[in-house]
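Laboratory data are not the source of any read-out in this text; all were calculated from the coordinates shown. Note that the structure is a prediction, hence the values are computed from the model and not measured. Methodologically, a virtual Cβ is constructed for each residue, glycine included, from the backbone with ideal geometry; neighbour enumeration extends over all protein chains shown.
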Amino acid sequence: MKIIRAKDYQDMSRKAANIISAQIILKEKSVLGLATGSTVLGLYERLIHLHNEGELDFSNILTVNLDEYVGLPAQHSQSYRYYMDNNLFKHINIPYENTNLPDGMAKDIEKECREYDDLITGMGGIDLQLLGLGLNGHIGFNEPATEFPKGTHCVTLTESTVKANSRFFENENEVPKKALTMGIKTIMSASKILLCVNGKAKAGILKEVLTGPVTPAVPGSILQLHPDLTVVADEEALSEML
Ligand code: F6R
């Protein structure tokens, strides 16, 4: 595991974007696993900037996102498809058909989950998976549990996750209670993992994830077993690690 210390959010975003840029430069047909949320917004802005400067070409990149809410159509301003389109895809030269998210509107959820795993396998697996960290230690939407879920599956979000996500909705009742998410096996199968974490609120959980026991009660703790994990975190997030 490599831990890269960043001064602050901007510095974390720059460093993480540089790692993704290096991946794209080294392999122009990379499969990138992407995340949504506040943590990665700055690094997407930075990737857009590098693209505008003529430094990054996304025309051969394939993307698969970690997760999507169940029941929100793509046009809904809080769907993860909408987030990805508006915060990244529309601003770079990636062909739309190269971008993939689980379909939270699928009629047959089981089939959708199986097909999403098959899609990733068919791409030859994920070269670099980007992750944020939930306050409860979740990665993707793999919530604390008694065992590690394997493939893409449907989850019921915990109260704390619904609460954390309610900041984007009018009120807590509007937050979808279910989501589709890549499983732990899918995430752990990525060749490289890049975990980004910022802010004081995540200092305690980051310490547990990186130095505590590996347990499904703290889903991110499994990352300790990944052979190529890079953590880019700011000083506040790393403040309990010393
Ligand atoms: C989002 C995702 C989540 C977030 C996590 C952190 O696609 O899979 O695991 O990465 O909830 O969210 P933020 O960055 O908003 O604190």
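Express the Stokes-Einstein translational diffusion coefficient of the stretch 64-143 in µm² s⁻¹, to the nearest whole number, given a Kirkwood radius over alpha-carbon pairs, 37 °C and a viscosity of 0.692 mPa s.
Roughly 238 µm²/s, to the nearest whole number.
Give the long-range amide H neighbours of GLN129: residues separated by 5 or more places, or on another chain, with amide H under 5 Å away, using H modelled in the peptide plane at 1.01 Å from N.
Correct list: GLY33, LYS192, ILE193, LEU194.
If the convex hull of the alpha-carbon atoms of the stretch 85-201 is projected onto planes in all directions, what is the mean projected area in square nanometres?
Projected area, direction-averaged: 8.8 nm².
Kindly provide the Kirkwood hydrodynamic radius of the stretch 1-136 in Å, to one decimal, from all pairs of distinct alpha carbon atoms.
15.7
Two decimals, Cα atoms only, Kirkwood Rh: what is Rg/Rh over the stretch 155-202?
1.06
May I ask you to evaluate 6.51 cos²θ - 1.76 cosθ + 1.60, the Karplus curve with θ = phi - 60°, for each residue of the stretch 131-148 and list the ³J(HN,Hα) values in order in whole Hz, giving x for glycine and proline?
10, x, 10, x, 4, 9, x, 6, 10, x, 10, 7, 7, x, 8, 9, 8, 7
Suppose each label sits 7 Å from its Cα in the direction of the beta carbon; what would the LYS29-GLU235 distance come out to in nanometres?
Once both label points are built, they end up 4.5 nm from each other.
How much mean residue ellipticity at 222 nm does the chain get from its helices, if each DSSP H run of length 4 or more adds -39500 (n - 2.57) and you divide by all residues, to the nearest 500 deg cm²/dmol?
-9000 deg cm²/dmol, from helical runs alone.
Please compute the Cα-Cα pair-distance distribution of the chain with 10 Å bins starting at 0, giving whole percents from short to long.
P(r) for the chain, in whole percents per bin: 8, 34, 40, 18, 1.
Per the Cauchy relation, a quarter of the hull surface: what is the mean projected area of the convex hull of the alpha carbons in the stretch 112-170, in nm²?
Over every viewing direction, the Cα hull of the stretch 112-170 projects on average to 5.3 nm².
Taking the Cα centre of the chain as the origin and placing charges on Cβ (Lys, Arg +1; Asp, Glu -1), which of LEU180, PHE58, THR39 is farthest toward the positive end of the dipole?
Of the options given, the answer is THR39.
What size of dipole, in debye to the nearest 20, comes out for the stretch 52-122 about its Cα centre when the only charges are +1 on Lys and Arg C-beta atoms and -1 on Asp and Glu C-beta atoms?
Taking the Cα centre of the stretch 52-122 as origin, the dipole is about 220 debye.
Loop only by DSSP, 16 or fewer other Cβ within 10 Å of the Cβ. Give me the GluC sites (Glu not before Pro) in the stretch 1-89 that pass, ordered by residue number.
For GluC sites (Glu not before Pro) across the stretch 1-89 that sit outside H, G, I, E and B with at most 16 neighbouring Cβ atoms in 10 Å, the list reads GLU28, GLU53, GLU55.
Are there DSSP H segments in the chain that both extend 15 Å or more along their axis (alpha-carbon positions) and score a mean Kyte-Doolittle hydropathy of at least -1.0? List them, or say none.
9-26, 41-52, 109-122
I'd like the distance between the alpha-carbon centres of the stretch 5-54 and the stretch 116-151, rounded to an integer number of Å.
19
With label points built 7 Å along Cα→Cβ from the Cα atoms of MET123 and GLU110, find their separation and express it in nm.
With each label placed 7 Å out from Cα toward Cβ, I get 2.6 nm.
Return the sequence-ordered ³J(HN,Hα) values of the stretch 182-187 in whole Hz as given by the Karplus equation 6.51 cos²θ - 1.76 cosθ + 1.60 applied to θ = phi - 60°, using x for Gly and Pro.
For the stretch 182-187, the Karplus curve yields 4, x, 5, 5, 4, 5 Hz.
Just the Cα atoms of the stretch 25-86: what Rg and Dmax do they give in Å?
12.9, 38
Scan around ALA6 for amide H atoms under 5 Å from its own, H built in the peptide plane at 1.01 Å from N, and keep only partners 5 or more places away or cross-chain.
ALA233, ASP234, GLU235
I'd like the FRET efficiency for ASP8 and ASN86, computed as 1/(1 + (r/R0)^6) with the beta carbon distance as r and R0 of 30 Å, rounded to 0.05.
0.75
Which order results if PHE168, PHE141, PHE89, PHE148 are arranged by neighbouring Cβ count within 10 Å, fewest first?
If I rank by nearby Cβ atoms, fewest first, I get PHE168, PHE148, PHE89, PHE141.
From the phi angles alone, apply the Karplus equation (6.51, -1.76, 1.60; θ = phi - 60°) to the stretch 163-177 and give each ³J(HN,Hα) in whole Hz, x where the residue is Gly or Pro.
Rounded to whole hertz, the list is 4, 4, 7, 5, 4, 9, 10, 4, 8, 4, 5, 7, 6, x, 9.
Determine, for each peptide in 174-184, 211-221, the mean count of other beta carbons within 10 angstrom over its residues, then list the peptides with the highest first.
Descending mean neighbour count gives 174-184, 211-221.
Using amide H atoms built in the peptide plane, which far-off residues or other-chain residues are under 5 Å from ASN65 H to H?
Those lying under 5 Å, H to H, from ASN65 are LEU34, ASN100, LEU101.
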